[in-house]
Amino acid sequence: TVVVADTGDLDAIRQYQPQDCTTNPSLILKAAGLSGYAQALKEAQELGDVEAAIDQLTVRIGTELTRIVPGYVSTEVDARLSFDTDAMIAKARHLIELYAAQGVGKDRILIKLATTWEGVEAARVLEAEGIRCNMTLVFSLEQAVAAAQAGAYLISPFVGRITDWYKKSTGTAEYATDEDPGVQSVRTIYRHFKTHGYPTVVMGASFRSAAQVKALAGCDRLTVSPALLGELAGDTGTLERVLNDQPATEKEAAMTEADF
Ligand code: E4P
């Protein structure tokens, strides 16, 4: 399992030395030291062109991130474009051009797109141009398969948001790890991809607990917030085990083999 940092926080990345990192607009704003969207908009308005300013900020932080992670930096296309294939393609190409102007090649960037039908169609076009995509907001096997069949380089099936929804709608306070619906969703997708030989990388995302991360050790990649990376690292050697696919106990080993 490759551990990926779900952050744009340069200090956290220096500390945990992940291979890749994933960002989204709120993580970029946080990394830029802006307290919220409203403040960012105010600053962007002062610059004249809000959209251009946000793109530039995204690429500025993304460029810094490419200097400290050896692998990919995921850069998200604004979710407001998620139902417009042409707009998603145009924004992805523009971000890649801005990166190129900074000397960052498209081989270092994953364009993060929502896995709507329009997003899947955008990925099909972008991948054919050599722009690799990270398909995010994956909540189902059907979305995952559609993304893989479009040739997406990577998918991000979510854990926490599924579990949160189940907890809220069923009134369940906590799930045992093996019954956690978010964990189960990622396992189902991973197993299906390996059974059918899809080359698309499966990266579990949206974690709420270290237990959920550990339950998915063995998955291709896992993107984890700095807070949870800290928790995992604090649990003697656990981060090493996650990185090296080495379950600590026979129970974990059996679980990993059975599930993946
Ligand atoms: C990662 O790529 C996602 O943006 C992230 O894991 C989403 O997590 P959330 O459900 O905490 O927003």
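Details
- Mean separation of Cα pairs under 8 Å and 6 or more residues apart, divided by the residue count, gives region 94-232 a relative contact order of 18 percent.
- Amide proton proximity set for residue 74, modelled H, under 5 Å, gap of 5+: 21, 22, 23, 110
- The slack in the chain from residue 149 to residue 32, taken as 0.36 nm per residue of separation less the alpha-carbon distance, amounts to 38.5 nm.
- Between residue 102 and residue 195, residue separation times 0.36 nm minus the direct Cα-Cα distance comes to 29.4 nm.
- Summary of the geometry: region 77-123 and region 202-222, compared by the centres of their Cα atoms, lie 25 Å apart.
- Dividing the C-alpha radius of gyration of the chain by 2.2 N^0.38 Å, with N its residue count, gives 0.99.
- On the beta carbon distance between residue 80 and residue 128, with R0 = 35 Å, the FRET formula returns roughly 0.90.
- Taking each DSSP H run with n ≥ 4 as -39500 (n - 2.57) and averaging over every residue of the chain yields -16000 deg cm²/dmol at 222 nm.
- Summary value for region 2-259: 16 percent relative contact order, contacts being C-alpha pairs under 8 angstrom separated by 6+ residues.
- Nonlocal amide H pairs with residue 133, under 5 Å, H built at 1.01 Å: 111, 153, 154
- When region 1-152 is reduced to its Cα atoms, the Kirkwood hydrodynamic radius in Å: 15.6
- The residues neighbouring residue 223, those whose beta-carbon lies less than 14 Å from its own, together hold a net charge of -1 under the Lys/Arg +1, Asp/Glu -1 convention.
- Label sites at residue 170 and residue 50, each approximated as a point 7 angstrom past Cα along Cα to Cβ, lie 4.1 nm apart.
- 31 Å Cα-Cα threshold exceeded, pairs from 194/214; 167/194; 30/167; 30/214; 42/168; 91/168: 42/168; 91/168
- The phi torsions of region 134-145, fed into the Karplus equation with coefficients 6.51, -1.76 and 1.60 and a -60° offset, translate into couplings of 10, 7, 9, 6, 8, 10, 8, 4, 4, 4, 4, 5 Hz, rounded to whole numbers, with Gly and Pro shown as x.
- Cβ-based exposure ranking for 7, 85, in which fewest neighbours within 10 Å come first: 85, 7
Just so you know, all these numbers are worked out from the coordinates, no wet-lab data involved. All values reported here derive from a predicted model rather than from experimental measurement. Glycine gets a Cβ as well: all are built from the backbone with ideal geometry, and neighbour counts include every protein chain shown.
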